[in-house]
Structures are given as structure tokens and as C-alpha cells.
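The values are calculated or read from the model by the stated rules, or taken from the named source; none is laboratory data. Note that the coordinates shown come from a computational prediction; the quantities given were computed from them, not determined experimentally. All Cβ positions, glycine included, derive from the backbone under ideal geometry; neighbour counts span all protein chains shown. Remember, those area values only see protein heavy atoms, side chains included, never the ligands or the DNA or RNA. Shrake-Rupley method; radii C 1.70, N 1.55, O 1.52, S 1.80 Å.
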Protein chains: 2
Amino acid sequence: MLTYSFESIGSCSLYEHLYRCIQADIRAGRLAPDEKLPSKRSFARHLGVSVITVENAYAQLMAEGYIYSLPKRGFFVEPLPPALPVQMPAPTPPPAAPVSPWAADFVTNQIPPENFPFSTWTRLLRTVLRQEDKHRMQTPSSQGCRELQTAIAQHLYAFRGMQVRPEQIVVGAGTEYLCGLLVQLLGRDAVYGVEDPCYQKPAKIYEACGAACVSIPMDRDGVRVDAVQTSRANILHLSPSHHFPTGIVMPVSRRLQLLHWCAQQPGRYILEDDYDCEFRTNGKPIPTLQSIDPTGRVIYINTFSKTLASTMRISYMVLPLPLVERFQQTLGFYTCTVSSFEQLALAEFIQSGAFESHLNRMRTHYRTQKEAILTQLAESSIASRCRVRMENEGLHFLLEVTGPISDAALLSCAARHGVRISCLSQYYRGTPACPPTLVVNYAGLGADHTHAAIALLIDSIAEALSPEPSQTPE
Amino acid sequence: MLTYSFESIGSCSLYEHLYRCIQADIRAGRLAPDEKLPSKRSFARHLGVSVITVENAYAQLMAEGYIYSLPKRGFFVEPLPPALPVQMPAPTPPPAAPVSPWAADFVTNQIPPENFPFSTWTRLLRTVLRQEDKHRMQTPSSQGCRELQTAIAQHLYAFRGMQVRPEQIVVGAGTEYLCGLLVQLLGRDAVYGVEDPCYQKPAKIYEACGAACVSIPMDRDGVRVDAVQTSRANILHLSPSHHFPTGIVMPVSRRLQLLHWCAQQPGRYILEDDYDCEFRTNGKPIPTLQSIDPTGRVIYINTFSKTLASTMRISYMVLPLPLVERFQQTLGFYTCTVSSFEQLALAEFIQSGAFESHLNRMRTHYRTQKEAILTQLAESSIASRCRVRMENEGLHFLLEVTGPISDAALLSCAARHGVRISCLSQYYRGTPACPPTLVVNYAGLGADHTHAAIALLIDSIAEALSPEPSQTPE
């Protein structure tokens with residue numbers, strides 16, 4: 001009769017150990033297909049365990065399909081297909097840890113911890129979690145919690161002058177996610193036009209989702225209307241309030257021309273990506289394209305990544321009413337991707353006025369920070385060799401470097417100084433046509449760190465511009 | 001000269017009011033294209049406001065492109081394209097509020113509030129939010145926070161015997177989201193096979209993402225291997241540990257046959273959806289398909305929606321190593337869709353052992369609940385007319401009703417009693433071949449509510465089976 005030792009049992013229960021032993025023997029072929037197993041009673045006596053131990057082991061083997069039973073005849077080994085040879089590949093090294101090795105980072109979209117309202121947020125979450133009612137546990141509709149939809153609609157009215165109904169709003173786990181959802185809504189047959197130059201992610205997302213994506217060249221007012229018209233695009237992804245990286249604010253005439261283009265054919269839409277409208281440092285925020293569109297062709301998208309924290313994945317889009325209906329019909333089966341707890345906390349954050357106070361505080365903070373940076377640059381040794389541009393529109397500006405210098409030289413010099421920064425030319429999908437220009441995104445620098453970071457940047461530019469090589473031989 | 005009244009100014013600032021008035025006149029054509037505007041100084045004197053007010057209004061109009069300036073000549077109205085006619089559709093009624101009108105709901109995937117560990121979760125979130133360090137605000141990698149990846153890997157080892165490296169894990173905002181991501185990873189040219197019958201969402205997602213989806217009929221061991229082989233599918237979405245709705249546990253022989261099918265051609269994969277492996281009420285959890293796969297063809301998916309709350313959108317998948325590399329190359333640009341705060345709180349929840357305690361408590365709760373339900377059914381008037389099946393595998397069971405009764409009659413009788421329930425036949429994509437069978441999903445019933453809900457269900461079945469119509473005339 002089968003014999004197993006219970007010596008190496010470890011923390012297993014008796015039945016689990018027995019189950020493992022028999023399973024191993026079946027998988028290795030040491031117990032033949034259709035071989036009869038000992039009866040529970042005699043097996044238990046033989047092994048010196050209780051009948052229930054054998055019973056439980058047999059039950060688990062039955063449940064997993066390793067043995068079968070025949071009435072009044074007992075238990076038998078299930079014939080199994082042969083084991084497959086191991087084909088596991090050589091392990092790849094794990095991806096590098098995401099710790100920033102940079103002394104100064106002008107690329108990151110992270111918000112410094114001191115800019116996040118930790119205590120308010122904690123208090124709101126605690127309040128949400130304290131209300132242990134049924135409602136808190138109800139799966140929200142595919143478009144999000146009604147509380148958050150309402151709060152966003154009110155915020156858009158107060159802050160952007162937009163008249164939007166709560167049911168037009170779709171909440172999702174980040175703008176990237178919403179772009180993918182839009183491809184499902186508008187179709188993979190549509191052609192998505194992106195600005196050139198641009199923030200590269202939307203184009204990557206459209207392509208990853210299987211949609212064709214074309215680049216539309218820009219002039220100083222934004223995408224060129226003639227280029228839009230000759231392109232195959234029927235969906236345009238734009239940032240009219242503040243374009244990244246150029247900083248262009250699209251004037252109203254160009255906006256109206258693009259709305260006319262939309263109206264010429266059915267199925268044309270503009271995705272208005274309003275990612276940092278909140279941080280225009282001079283004057284009022286630029287009104288949205290959505291608010292001057294009488295035709296229902298603008299889909300407005302915004303995010304709380306810039307205003308709260310990049311690690312909080314909450315964005316939203318405002319659909320024109322006919323698209324709301326299409327969304328419900330074709331994509332209404334989806335569950336909203338943002339946890340209800342965070343949605344309800346955010347709704348309360350907005351409704352209570354804490355969001356507005358936070359925005360005001362942040363605007364002041366960024367304005368002060370920017371002014372200090374501009375002063376530091378103006379008083380530096382490179383002041384006469386650089387020109388600051390587009391500094392009033394949002395959380396980055398352009399630093400044009402004059403003189404016979406290449407982008408590559410600027411970047412490699414910056415890297416040697418521990419400075420992570422990008423050049424305007426890197427954001428072009430076509431051939432870039434711009435003088436050497438650095439994109440200075442200062443939002444990720446902590447207040448205490450800004451002066452040192454800018455000093456490093458200045459040193460690196462000064463070195464790049466210096467006629468004699470300042471590098472020591474390697 | 002232009003004249004505006006400042007009487008109806010409301011809460012606007014003076015400059016904002018002036019800006020709005022001029023903007024309205026330009027948009028309505030009351031100010032002609034290229035018309036010269038008054039000089040700042042004379043306009044200010046004329047309106048009785050300060051020069052700075054006019055200056056700010058002009059600056060905002062300039063920023064938005066409503067006016068332009070010519071050096072030493074002043075400000076002029078920008079020629080604008082004509083306004084578009086309003087084409088807004090008649091408003092659609094807002095979608096119905098998501099409040100459940102049912103007296104008993106055997107379909108919902110909501111977890112009753114008493115089953116969520118509110119106080120532990122609040123404490124963990126507070127701890128995470130108290131650590132206001134840089135790390136908390138760091139954007140996690142596309143696959144999620146390393147802390148959560150590590151915690152999940154350890155949990156899978158302890159609870160499922162799976163040997164998985166943290167870097168194989170991709171965290172995402174729900175299984176639905178991860179299915180969409182998999183289509184991007186494995187391609188829209190792949191054909192996705194789903195079980196028939198099945199939980200309908202994965203098929204809807206594959207189709208919404210533009211991939212072909214085919215149904216594979218099942219026998220009592222799961223999807224039929226011959227049907228898999230003759231289908232066009234190269235990706236199979238399966239729930240081998242516990243199939244919904246049939247409750248089938250796939251025996252090891254079928255699992256090995258499917259792994260053999262995978263190994264026959266490159267590009268074949270199995271998505272193992274292990275959505276409620278934690279709640280098998282008898283014996284040990286069924287080992288995963290992933291853990292007996294030596295070939296790296298199984299992608300394991302699981303969720304915390306069932307174990308914590310359906311309103312928390314955290315799921316994960318375990319990619320075989322070659323797919324990790326492909327993921328990083330093609331989709332590594334994505335930001336993880338789950339907020340870092342929730343990821344870190346969940347990591348701590350798992351690492352501290354609170355998750356295991358919670359699972360044990362829930363398992364006991366559901367076992368007690370199920371036993372009470374089975375007793376109530378066995379002692380009811382319909383006991384002899386019903387047969388309970390597949391009651392030990394997870395959080396639902398089948399209730400087969402014998403006698404000449406249709407699914408439609410059962411459902412309409414249930415609805416009249418305020419009972420929301422589904423029939424097995426509703427989950428078939430092809431022609432259903434099953435006797436009238438109700439799918440009794442009891443996880444959403446609160447403990448206090450279970451007895452009354454089952455009583456309603458029994459009444460509705462009794463009425464449906466009753467030979468004389470018990471309905472009062474309407």
C-alpha cells in the first residue's frame with residue numbers, strides 16, 4: 001500500500017500534506033492512470049491517521065480533478081495529459097527603481113509634497129469613511145458618483161463660466177484612461193490629429209488603442225487651419241488655453257475657424273485638453289473652446305493631477321449631450337475606474353470651497369516662484385544670452401538660448417550638472433523649426449529647492465555656451 | 001465713444017465687467033472688424049474708471065485674441081469668423097439615479113457596508129497621508145507602486161502557492177481596465193475566446209476595444225478542448241477556479257489539455273480570471289492554472305473588488321516574464337491608474353496581516369450565511385421542487401427548479417416580489433441548454449437582510465410554480 005512519511009510536514013495540516021504527496025505522485029506518473037487508491041479506512045489505518053484526514057485529502061484531490069470515484073468501488077487516479085516541458089525564458093533584470101537621480105528636475109509632472117493639502121484631504125477621507133452607510137458602498141454609475149459630477153459642474157460654472165449638466169461629466173482614472181475611452185466611443189476608424197509639437201502621450205495612446213494618428217503643424221496661433229483641412233483628421237486633440245510645450249494661447253479667431261471646420265462634416269470633434277488652465281499667472285483664465293461652441297462638437301477634458309497631485313488619478317471629461325447618449329448605449333456597461341471613496345472626498349473638497357482656496361494658494365505660490373526664477377535668470381551671467389518666453393500662461397516657460405549652440409550640447413551639459421530638462425525640438429513629430437530652446441517646467445521644484453535648481457541650470461547653460469571646454473579630461 | 005454702464009456689474013471686478021462688455025460687442029458684430037478702440041487714457045476718463053482697469057481689460061482681450069495692438073497706433077478689433085448657428089440637440093433625460101429599487105438583490109456585486117473594514121482602512125490611509133515625504137508623491141511606475149507589487153507577490157505565494165516576482169505584477173483600476181490594457185498588449189489581431197455561458201463583461205470589453213471575440217461552449221469540466229481547437233481563438237479568458245455562472249471548477253486534466261493547446265502555437269495565451277478564489281467554502285482554494293504552467297502562457301488576473309469593496313477599483317495581473325518586457329516597451333509610457341495613496345494603504349493592509357484576517361472573517365461570514373440560506377430553502381415549501389447545485393465553490397450557487405416552468409415566468413414572478421435575480425440561461429451567448437435555473441448570488445445581501453430576502457425568493461418561486469394564478473386582477 002502507498003506509504004508517506006509525515007516527518008517533513010512543516011506547517012501543513014495532516015490532510016494537506018497527504019493531499020500534496022498524492023498529487024505529486026500523480027503528476028510525476030508514479031501513480032498510474034486509473035490505478036485504484038487504497039480505501040479511506042485501510043489507508044488511514046496504514047498511515048496511522050484518522051479517516052477524516054484521508055477523506056479531506058481525497059475530497060481536495062477530487063475537487064481539483066486528480067482522482068475520481070466510482071460508486072461502491074472506490075477512488076482511482078485520473079488519467080492526465082503528459083506534463084509540458086519547462087519553457088520559461090531567462091529572467092530579465094527588473095526595471096530600474098523609479099527613484100529620481102537628478103539634482104534638478106524640470107521635466108517631472110510630480111507635485112512637491114508641500115503643495116498637497118494633506119491634512120484637509122485626510123479629514124475629508126475620514127469623514128467619507130465614517131459614514132458607513134449603504135450609499136458609500138454603492139457601485140457608482142459608469143460615469144462616476146453623482147456627487148462628484150455635480151461638484152465638477154458647479155466648479156466649471158464658477159471658474160470657467162461653462163454651463164454643463166452633471167450627467168455630461170465622465171469621471172475616469174486619469175486623462176490617459178479617458179483618451180482610450182474616447183477611442184472606444186468615437187471609433188478606431190476616426191483619425192486623430194495632434195498638435196506638432198506636442199506632449200507626446202495622447203498620440204501614443206491613440207496609436208496603442210489602434211487608431212490612426214496624424215500630426216498637424218502649428219503656427220503662432222496654434223494648429224494651422226489649412227493643415228487641418230488637408231489632413232485626414234476628424235478628431236483634433238488640442239490644448240487651446242495653454243499649449244505644451246510652446247505655451248501658445250489660441251486666439252478666438254483660430255478657435256472659431258476650428259469650430260467652423262467641425263461643423264462642416266458630421267463626426268468631427270475637438271478634444272479640448274485644459275490640463276493647466278488653473279495656473280495662468282496673469283489675468284483671468286482663458287475661456288474654454290467648449291463655452292463658445294454652439295454645435296456640441298467640443299469634448300472638454302481636465303485633470304486633478306496638476307491641481308492636487310500627479311499620484312491621484314482623477315480626471316474628467318464633459319461630453320456633448322448626443323455623445324452622452326452614445327456613451328450610455330455603447331460603454332455604459334463599464335464600471336467607473338475611480339474609487340468611490342476618493343470621488344466623494346474630492347466632491348466634498350470642491351463643494352466646501354477647499355479646492356478654490358487651494359488653487360488660490362497654489363497660484364500665489366507658483367507666481368512667487370516664477371518671479372524669483374525670472375529675477376535669478378535676469379541677474380545671472382547668461383542673462384544676455386537667453387530670452388524667456390511664454391512665462392505668463394502656466395507652469396512652464398521657454399528659455400531660448402542665442403548663439404551657436406545645439407540642443408544636444410545644452411542637454412548633455414545639463415545632464416552633467418545633474419539637471420533633467422527637455423528641449424522644445426524634442427516635442428516635434430515632424431522636423432523641428434526652432435532655435436535652441438529649453439522647456440523650463442518649474443512646478444515640480446520644491447520651494448526650498450528652486451534657487452539651487454535654477455543655479456545648476458544657469459551653470460550648465462553657461463558651460464555649454466563657454467568657448468573653451470571646461471571639462472576636465474576623463 | 002464706447003459707453004458701458006457699470007450698474008449691473010454684480011460680483012465682477014471693474015476690469016472684468018469692461019472686458020465682458022467689449023467681448024460681447026465684438027462677438028455680436030456691434031464692434032466692426034479692425035475698428036479702432038478708444039485709447040486707454042481717454043476711455044478711462046470717459047467711463048470714470050482708472051487707467052489700470054482699461055489696461056487689464058485690454059490685456060485680457062489681447063490674450064484671448066479679441067483685439068490686437070499696433071505700435072504707437074493703439075488697439076483694434078480682431079476680424080473674427082462669423083458665429084456658428086446653434087445646433088444643440090434637444091436635451092435627453094438624465095439617466096436614472098442608481099438607487100436600487102429592489103427588496104432583494106441577487107445580482108449586485110456590491111459588498112454590504114458591514115463587510116468593509118472601515119476603521120482599519122481609515123487608519124492605514126491616515127498613516128499613509130501622514131508620511132508627507134517625497135516618496136508618497138512620486139508618480140508610480142506604469143505597473144504600480146513597488147510596495148503593492150511586493151505585497152501582492154507575497155500574498156500570492158502564501159495564499160495561492162504562486163511564485164511570482166513583484167515586477168511581473170501590473171496594478172490597474174479594475175479588471176475591466178486591465179482587459180482593455182491586455183488588448184493593447186496582445187493586439188487587436190488576436191481573437192479572444194470567452195466561455196459560453198459566461199459573465200458578459202469581458203466579451204463586451206474585447207469588442208469595445210476592437211478585438212474579435214468568439215464564444216467557446218463548455219461541458220461539465222469547462223471549455224471544450226475540441227471547440228477551442230476549431231475556434232479561431234488564440235487568447236482564452238477563463239475562470240478555472242470557479243466559473244461564473246455555472247460554478248464549475250476546472251479539473252486538472254482539462255487544465256493540462258489547455259496548456260498543451262497554448263504550447264502548440266506562439267501567441268497563444270490564457271487569461272486566468274481568479275475573481276473569487278478567496279471564497280471557496282469547503283477545503284483549500286483550488287490551485288491556479290498559472291502555478292502549473294511551465295511555459296509562461298498564463299496571465300493571472302485578480303481583483304480586490306470582491307474581497308474589499310466593489311467601489312474600490314484595484315485589480316492586478318501577473319504577466320509572464322517575456323510579456324513584462326513587451327509591456328514596458330510598448331505600454332510603459334502609461335501612468336498607473338490607481339492613486340498611490342490607495343496603493344500604499346492596500347500594501348500595508350496586506351503586509352500587516354489585516355487582509356488575511358479580513359479574508360478569514362469574510363469566509364466564516366459567507367459560510368454561515370450560505371448554511372442559513374440552504375437550511376431555509378430545505379425547510380421551505382419549495383424544497384422538493386428545487387435542487388441546489390455548486391454551493392461549495394464560491395459566493396453564488398445554482399437553484400434548479402423542476403417542473404414545467406420557464407425562466408421568463410420565474411423572473412417575472414421574482415420581479416413582482418421585488419426580487420432581482422438572473423437565470424443561468426441569460427449568460428449564454430449561444431443557445432442555452434439547461435433546465436430552469438436561478439443564479440443565487442448572495443454576497444450582496446447584508447447579514448440582517450438575508451432571511452427576508454430568501455423568504456421573498458421562496459415566495460416568488462412558489463407562486464411561479466403554483467398551478468392557479470395567485471395574482472389579483474389588475
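Among the residues of the stretch B:303-325, which ones are part of a loop (DSSP other than H, G, I, E, B), under 15 Å from B:Ala151 (Cβ atoms) and away from chain A (no Cβ under 11 Å)?
The answer is B:Thr307, and nothing else.
Name the residue, out of A:Pro240, A:Pro251, that is within 20 Å of A:Tyr300 (Cβ to Cβ), touching a Leu at 6+ places or on another chain (Cβ under 6 Å) and within 11 Å of chain B (Cβ to nearest Cβ).
On the way: A:Pro251 fails: touching a Leu at 6+ places or on another chain (Cβ under 6 Å).
When all the criteria are applied, what remains is A:Pro240.
Quick one: which residue in B:Gln264, B:Gln290 is within 13 Å of chain A (Cβ to nearest Cβ) and crowded, with 20+ Cβ neighbours inside 10 Å? Outline the logic, then answer.
Numbers: B:Gln264 fails: crowded, with 20+ Cβ neighbours inside 10 Å.
Just one listed residue meets the conditions, B:Gln290.
Looking at B:Glu278 and the list (1) facing chain A (nearest Cβ under 9 Å); (2) under 26 Å from the mean Cα position of the chain (by Cα); (3) more than 30 Å from A:Leu308 (Cβ to Cβ); (4) at pLDDT below 90, which single condition is not satisfied?
The failed condition is (1).
Residues A:Phe106, A:Phe116: which one is of a type in the set (Phe, Trp, Tyr) and at pLDDT below 90? Don't jump to the end; show me each part of the working.
Numbers: A:Phe106 fails: at pLDDT below 90.
Going through A:Phe106, A:Phe116 in turn, the sole match is A:Phe116.
What are the residues in the stretch B:258-302 that are touching a helix residue (DSSP H, G or I) at 6+ places or on another chain (Cβ under 6 Å), within 16 Å of B:Val170 (Cβ to Cβ) and either assigned to a loop (DSSP other than H, G, I, E, B) or among the acidic types (Asp, Glu) (or both), if any?
B:Glu272
Tell me whether the stretch B:198-206 contains one or more residues that are within 11 Å of chain A (Cβ to nearest Cβ), within 14 Å of the chain's Cα centre (by Cα) and outside any helix (DSSP H, G or I).
Scanning the stretch B:198-206 turns up at least one residue that is within 11 Å of chain A (Cβ to nearest Cβ), within 14 Å of the chain's Cα centre (by Cα) and outside any helix (DSSP H, G or I).
So which residues in the stretch A:452-465 are surrounded by 14 or more Cβ atoms within 10 Å (Cβ to Cβ) and not hydroxyl-bearing (Ser, Thr, Tyr), if there are any at all?
Within the stretch A:452-465, the first condition is being surrounded by 14 or more Cβ atoms within 10 Å (Cβ to Cβ), and the residues that meet it are A:453-465.
Across the stretch A:452-465, the qualifying residues are A:Ala453, A:Ile454, A:Ala455, A:Leu456, A:Leu457, A:Ile458, A:Asp459, A:Ile461, A:Ala462, A:Glu463, A:Ala464, A:Leu465.
Residue by residue through the stretch B:355-375, note down the ones that are open to solvent by 10 Å² or more (accessible area, probe 1.4 Å) and either over 20 Å from B:Ile152 (Cα atoms) or at pLDDT 95 or above (or both).
Pass one, the stretch B:355-375, residues open to solvent by 10 Å² or more (accessible area, probe 1.4 Å): B:356-357, B:360-365, B:367-369, B:371-372, B:374-375.
Within the stretch B:355-375, B:Thr364, B:His365, B:Arg367, B:Thr368, B:Gln369, B:Glu371, B:Ala372, B:Leu374, B:Thr375 qualify.
In the stretch A:110-132, which residue that is buried (at least 17 other Cβ atoms within 10 Å of the Cβ) and part of a loop (DSSP other than H, G, I, E, B) is farthest from the other protein chains (Cβ to nearest Cβ)?
A:Pro117
Return yes when A:Gln60 is in contact with a Lys or Arg (Cβ under 9 Å, 6 or more places away or on another chain) and on the phi < 0 side of the Ramachandran plot and no when it is not. Show your work before the answer.
Numbers: in contact with a Lys or Arg (Cβ under 9 Å, 6 or more places away or on another chain): yes; on the phi < 0 side of the Ramachandran plot: yes.
Spelling it out, A:Gln60 is indeed in contact with a Lys or Arg (Cβ under 9 Å, 6 or more places away or on another chain) and on the phi < 0 side of the Ramachandran plot.
Among (1) surrounded by fewer than 22 Cβ atoms within 10 Å (Cβ to Cβ); (2) touching a strand residue (DSSP E or B) at 6+ places or on another chain (Cβ under 8 Å); (3) aliphatic (A, V, I, L, M), where does B:Met250 come up short?
Every condition holds for B:Met250 apart from (1).
Name the residue that is modelled with the lowest pLDDT, counting only residues in the stretch B:1-34 that are under 22 Å from B:Glu78 (Cβ atoms) and open to solvent by 70 Å² or more (accessible area, probe 1.4 Å).
Going residue by residue through the stretch B:1-34, those that are under 22 Å from B:Glu78 (Cβ atoms) are B:1-4, B:15-34.
Right, trim to open to solvent by 70 Å² or more (accessible area, probe 1.4 Å) and you get B:1, B:3, B:20, B:27, B:30, B:33-34.
Values: B:Met1: 83, B:Thr3: 89, B:Arg20: 92, B:Arg27: 89, B:Arg30: 91, B:Pro33: 94, B:Asp34: 95.
Taking the candidates together, the pick is B:Met1.
Restricting the first residue to the stretch B:72-85 and requiring it to be more than 14 Å from every other protein chain (Cβ to nearest Cβ) and polar (S, T, N, Q), which pairs with a second residue that is surrounded by 16 or more Cβ atoms within 10 Å (Cβ to Cβ) and part of a loop (DSSP other than H, G, I, E, B) meet a Cβ separation below 7 Å and a spacing of at least six or different chains?
none
Can you give me the number of residues within the stretch A:174-197 that are in contact with a helix residue (DSSP H, G or I) (Cβ under 8 Å, 6 or more places away or on another chain), part of a loop (DSSP other than H, G, I, E, B) and within 8 Å of chain B (Cβ to nearest Cβ)?
0
Of the residues that make up the stretch B:160-173, is at least one open to solvent by less than 40 Å² (accessible area, probe 1.4 Å), outside any helix (DSSP H, G or I) and either on the phi > 0 side of the Ramachandran plot or without any contact (Cβ under 8 Å) to a residue 24 or more places away in the chain (or both)? Step through it out loud before you land on a result.
Going residue by residue through the stretch B:160-173, those that are open to solvent by less than 40 Å² (accessible area, probe 1.4 Å) are B:160, B:162, B:164, B:166-173.
Pick out the ones that are also outside any helix (DSSP H, G or I) and you get B:162, B:164, B:169-173.
So of that shortlist, the ones also either on the phi > 0 side of the Ramachandran plot or without any contact (Cβ under 8 Å) to a residue 24 or more places away in the chain (or both) come out as none.
Scanning the stretch B:160-173 turns up no residue that is open to solvent by less than 40 Å² (accessible area, probe 1.4 Å), outside any helix (DSSP H, G or I) and either on the phi > 0 side of the Ramachandran plot or without any contact (Cβ under 8 Å) to a residue 24 or more places away in the chain (or both).
Filter the stretch A:51-62 down to the residues that are of a type outside the set (S, T, N, Q) and open to solvent by less than 30 Å² (accessible area, probe 1.4 Å) and list them by number. Reasoning before the result, please.
Applying the first criterion (of a type outside the set (S, T, N, Q)) to the stretch A:51-62 yields A:51-52, A:54-55, A:57-59, A:61-62.
Matches in the stretch A:51-62: A:Val54, A:Ala57, A:Tyr58, A:Leu61.
If B:Ala212 passes every condition in (1) open to solvent by 10 Å² or more (accessible area, probe 1.4 Å); (2) within 30 Å of A:Asn56 (Cβ to Cβ); (3) modelled with pLDDT of 95 or more but one, which one does it miss?
Of the numbered conditions (1) open to solvent by 10 Å² or more (accessible area, probe 1.4 Å); (2) within 30 Å of A:Asn56 (Cβ to Cβ); (3) modelled with pLDDT of 95 or more, the odd one out for B:Ala212 is (2).
Condition (residue is at positive phi and surrounded by 14 or more Cβ atoms within 10 Å (Cβ to Cβ)) applied to the stretch B:422-439: is it met by at least one residue?
Of all residues in the stretch B:422-439, those at positive phi come to none.
Within the stretch B:422-439, not a single residue is at positive phi and surrounded by 14 or more Cβ atoms within 10 Å (Cβ to Cβ).
Name the pairs whose Cβ atoms lie under 9 Å apart, with the first residue in the stretch A:219-233 and touching a residue at least 12 places away in the same chain (Cβ under 8 Å), the second part of a loop (DSSP other than H, G, I, E, B) and among the basic types (Lys, Arg), and 6 or more positions between them or separate chains?
Going by the 9 Å Cβ cut-off, the qualifying pairs are A:Ala233/A:Arg268.
Identify all residues within the stretch B:410-421 that are of a type in the set (Gly, Ala, Ser), open to solvent by 40 Å² or more (accessible area, probe 1.4 Å) and farther than 25 Å from B:Lys204 by Cβ; write none if there are none. Break it down into steps so the answer makes sense when it comes.
Keep residues of the stretch B:410-421 that are of a type in the set (Gly, Ala, Ser), which gives B:412, B:414-415, B:418.
Applying the additional criterion that residues be open to solvent by 40 Å² or more (accessible area, probe 1.4 Å) yields B:412, B:415.
B:Ser412 - this is the single residue of the stretch B:410-421 that is of a type in the set (Gly, Ala, Ser), open to solvent by 40 Å² or more (accessible area, probe 1.4 Å) and farther than 25 Å from B:Lys204 by Cβ.
What do you reckon, is A:Ala433 assigned to a loop (DSSP other than H, G, I, E, B) and free of Cβ contacts under 8 Å to residues at least 24 places away in the same chain? Please lay out each step first, then the result.
On the way: assigned to a loop (DSSP other than H, G, I, E, B): yes; free of Cβ contacts under 8 Å to residues at least 24 places away in the same chain: yes.
Criteria met by A:Ala433.
Somewhere in the stretch A:265-280, is a residue among the small types (Gly, Ala, Ser) and closer than 23 Å to B:Leu80 by Cα? Outline the logic, then answer.
Step one: list which residues in the stretch A:265-280 are among the small types (Gly, Ala, Ser), which gives A:267.
Remaining after also requiring closer than 23 Å to B:Leu80 by Cα: none.
Taking every residue of the stretch A:265-280 in turn, none turns out to be among the small types (Gly, Ala, Ser) and closer than 23 Å to B:Leu80 by Cα.
Check B:Gln200, B:Gln229 and return the single one that is of a type outside the set (Asp, Glu) and at pLDDT 95 or above.
Values: B:Gln200 fails: at pLDDT 95 or above.
Selected residue: B:Gln229, the only one of B:Gln200, B:Gln229 that is of a type outside the set (Asp, Glu) and at pLDDT 95 or above.
Please determine whether any residue of the stretch A:136-145 is under 23 Å from A:Arg326 (Cα atoms), more than 10 Å from chain B (Cβ to nearest Cβ) and either modelled with pLDDT of 85 or more or open to solvent by 30 Å² or more (accessible area, probe 1.4 Å) (or both). Full working, then the answer.
Pass one, the stretch A:136-145, residues under 23 Å from A:Arg326 (Cα atoms): A:139-145.
Now restrict to residues that are more than 10 Å from chain B (Cβ to nearest Cβ): A:144.
Adding the requirement that they be either modelled with pLDDT of 85 or more or open to solvent by 30 Å² or more (accessible area, probe 1.4 Å) (or both) leaves A:144.
Checked against the condition, which is being under 23 Å from A:Arg326 (Cα atoms), more than 10 Å from chain B (Cβ to nearest Cβ) and either modelled with pLDDT of 85 or more or open to solvent by 30 Å² or more (accessible area, probe 1.4 Å) (or both), the stretch A:136-145 yields at least one hit.
On the given criteria, is A:Gln149 at pLDDT 95 or above and either open to solvent by 30 Å² or more (accessible area, probe 1.4 Å) or facing chain B (nearest Cβ under 8 Å) (or both)?
Against the criterion (at pLDDT 95 or above and either open to solvent by 30 Å² or more (accessible area, probe 1.4 Å) or facing chain B (nearest Cβ under 8 Å) (or both)), A:Gln149 does not qualify.
In the stretch A:326-337, is there at least one residue being facing another protein chain (nearest Cβ under 10 Å), closer than 20 Å to B:Leu178 by Cβ and free of Cβ contacts under 8 Å to residues at least 24 places away in the same chain?
Scanning the stretch A:326-337 turns up no residue that is facing another protein chain (nearest Cβ under 10 Å), closer than 20 Å to B:Leu178 by Cβ and free of Cβ contacts under 8 Å to residues at least 24 places away in the same chain.
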